[in-house]
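Asks: Take a look at this one; I'll ask things after.
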Amino acid sequence: MSTIVKFFMAPNDTSASLDLQSGPGRAFESLSFGNFDPEEAVLEWECLLAGGTFEELLEADEPRIVAGQDNDGPVVFALSPRLSAALADAEYARLRDVAASWTRLRAQDGEVIGTEIAEAIVGDLAALVSSARCQNQSVYCWAA
């Protein structure tokens, strides 16, 4: 799997979708990662942090696509308010536990994500969400 993943802050869906082909530019505070399925990840993180099931989230049309197609091309989707709140409100130890659980979930599907990398992704995303909340913005993900 070779995927570029950028989580970023934007004031609204329209702003978030402007650079669909090239991803969020320097105007947006962002985090860059790679080589995992971000749509699946945000669903798993929400289940781990806030409860519920993967299937319930899919039935609720999460994550909400803002721009692009949910197939071969670039896509922008919004983190749910529930996941954003759970990330922003979680203590460091809780985020570490979620990262470890996510690593085990991915391993069950044959995907290897190191624990330290998982902790960095989840922890950095929680910090980005907290910063976005302070600025009255939302967090989105661009993947290509």
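The values are calculated or read from the model by the stated rules, or taken from the named source; none is laboratory data. These numbers come from a predicted model, not from an experiment. Here Cβ is always computed from backbone atoms with ideal geometry, including for glycine, and neighbour counts include all displayed protein chains. The protein model used for the area step is the full one, side chains on, heavy atoms only, and it has no ligands, DNA or RNA in it. Shrake-Rupley method; radii C 1.70, N 1.55, O 1.52, S 1.80 Å.
Asks: Excluding Asp97 itself, calculate the net charge of residues whose Cβ lies under 14 Å from the Cβ of Asp97, where each Lys or Arg counts +1 and each Asp or Glu counts -1. If you can, show how the numbers build up before the last one.
Replies: Details: positive: Arg94, Arg96, Arg104; negative: Glu44, Glu91, Glu119.
Result for the neighbourhood of Asp97: 0.
Asks: Further, regarding this structure: For the chain, which whole percent of the accessible surface, found with a 1.4 angstrom probe, sits on carbon and sulfur atoms? Spell out each step's value before the answer.
Replies: Values: 3530 of 7470 Å².
C and S atoms contribute 47 percent here.
Asks: Report the local net charge at Met9: Lys and Arg +1, Asp and Glu -1, summed over other residues whose C-beta lies under 12 Å from its C-beta. Spell out each step's value before the answer.
Replies: Working: positive: Lys6, Arg133; negative: Glu29.
Surrounding charge for Met9 is +1.
Asks: Report the extension gain between Leu58 and Ala93 in nm, rounded to one decimal, defined as 0.36 nm multiplied by the number of residues separating them, less their alpha carbon distance. Before the final figure, lay out the partial values.
Replies: Working: separation 35, 0.36 × 35 = 12.60 nm, distance 2.76 nm.
That works out to 9.8 nm of additional length.
Asks: Cα centroids of the stretch 96-117 and the stretch 40-95: how far apart, whole angstrom?
Replies: Cα centroid of the stretch 96-117 versus Cα centroid of the stretch 40-95: 16 Å apart.
Asks: For the pair Ala85 and Gln21, how long in nm is the line joining their label points, each one 7 Å along Cα→Cβ?
Replies: Between Ala85 and Gln21, the simple spin-label model gives 3.9 nm.
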